[in-house]
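The values are calculated or read from the model by the stated rules, or taken from the named source; none is laboratory data. Every value quoted in this text rests on a predicted model; they were computed, and no experiment measured them. Here Cβ is always computed from backbone atoms with ideal geometry, including for glycine, and neighbour counts include all displayed protein chains.
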Amino acid sequence: MNQKGGSGKTTSAVNLAAALGEAGKRVLVADLDAQANASQWLGVSDGGKGLLEVFTDNRKLVELVQGSTAPGVDVIASSAWLTGMDKALASEVGAETLLRRAVRKLPDKWDYVFMDCPPALGILSVSALVACHELLVPVEVSVLALSGLVSLLQTVDRVRERLNPELALAGLLACRVDSRTRLASEVVDSLRAKFGKDVFETVIRENIRLREAPSYSKPITLYATESAGAEDYRSAAKELNKRRT
């Protein structure tokens with residue numbers, strides 16, 4: 001999650017999942033963004049009303065699971081039907097807990113369940129914070145991105161206090177890092193100075209192959225397996241797995 005658009009949320013959800021799948025893990029990606037970019041990237045064109053029905057009609061999440069173009073990775077697809085979720089659930093008591101209840105009913109067959117959140121702190125994003133054990137924050141390396149990060153972490157504190165005391169910070173992942181520029185290095189240094197070990201050692205370098213990969217409905221590990229993007233996400237996946245153990 002990151003409420004700022006263009007921070008690398010979907011890129012990280014898709015490619016971390018693919019790198020973990022490549023390493024033998026079973027991963028489920030739940031796409032909570034109405035733009036459905038993660039779904040399309042993983043080869044699923046439209047999730048229909050599925051996720052909306054999980055919230056409004058108590059439909060089971062497991063019924064929505066589909067395969068993907070990435071080995072070891074399954075998908076719960078999103079669609080434009082999620083656009084009106086805040087309005088649809090405005091009068092629902094405890095709406096932010098519905099996703100958690102649905103997730104707890106999933107079979108125990110995945111090592112990871114990733115939720116790709118929309119770039120806003122609405123009901124879907126808060127529902128994900130309530131449902132999950134850990135939060136991973138992809139951070140675009142820019143000065144403006146750092147100011148929004150403080151606001152997000154304050155929201156996380158409130159959710160932890162009121163709704164999900166188990167919520168932990170898995171880490172901050174610096175994305176779109178142009179190592180040729182001085183600014184990128186300074187922003188990464190600022191992140192490390194402020195958040196210490198919460199910042200991943202791995203950084204995701206700016207890479208044209210990462211931008212091309214969605215057009216081919218393949219994660220970077222399949223589209224350009226020897227690229228810097230593939231190398232970085234494999235490294236980040238190893239670090240994420242190590243942080244969890």
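Computed quantities for the displayed model
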item	result
Which listed residue, of Glu201, Glu226, Glu239, Glu231, is of a type outside the set (A, V, I, L, M), in a helix (DSSP H, G or I) and over 18 Å from the mean Cα position of the chain (by Cα)	Glu231
Subset of the range 145-168 [farther than 28 Å from Glu92 by Cα, touching a residue at least 24 places away in the same chain (Cβ under 8 Å) and not small (Gly, Ala, Ser)]	Leu146, Leu149
Hits in the range 15-47 (condition: closer than 17 Å to Glu134 by Cα and either small (Gly, Ala, Ser) or touching a helix residue (DSSP H, G or I) at 6+ places or on another chain (Cβ under 7 Å) (or both))	Leu16, Ala17, Leu20, Val27, Val29, Ala30, Asp31, Leu32
Filtered residue count, the range 67-88, keeping only those that are within 16 Å of Asn15 (Cβ to Cβ) and either touching a strand residue (DSSP E or B) at 6+ places or on another chain (Cβ under 7 Å) or polar (S, T, N, Q) (or both)	6
Meets criteria (at pLDDT 90 or above, surrounded by fewer than 18 Cβ atoms within 10 Å (Cβ to Cβ), acidic (Asp, Glu) and assigned to a loop (DSSP other than H, G, I, E, B)) for Glu212	no
Residue in the range 4-16 that is assigned to a helix (DSSP H, G or I), of a type in the set (D, E, K, R), under 29 Å from Leu169 (Cβ atoms) and without any contact (Cβ under 8 Å) to a residue 40 or more places away in the chain present	no
Scan of the range 48-68 for residues that are under 17 Å from Gln35 (Cβ atoms) and either in contact (Cβ under 8 Å) with a residue 40 or more places away in the chain or assigned to a helix (DSSP H, G or I) (or both), ordered by number	Gly50, Leu51, Leu52
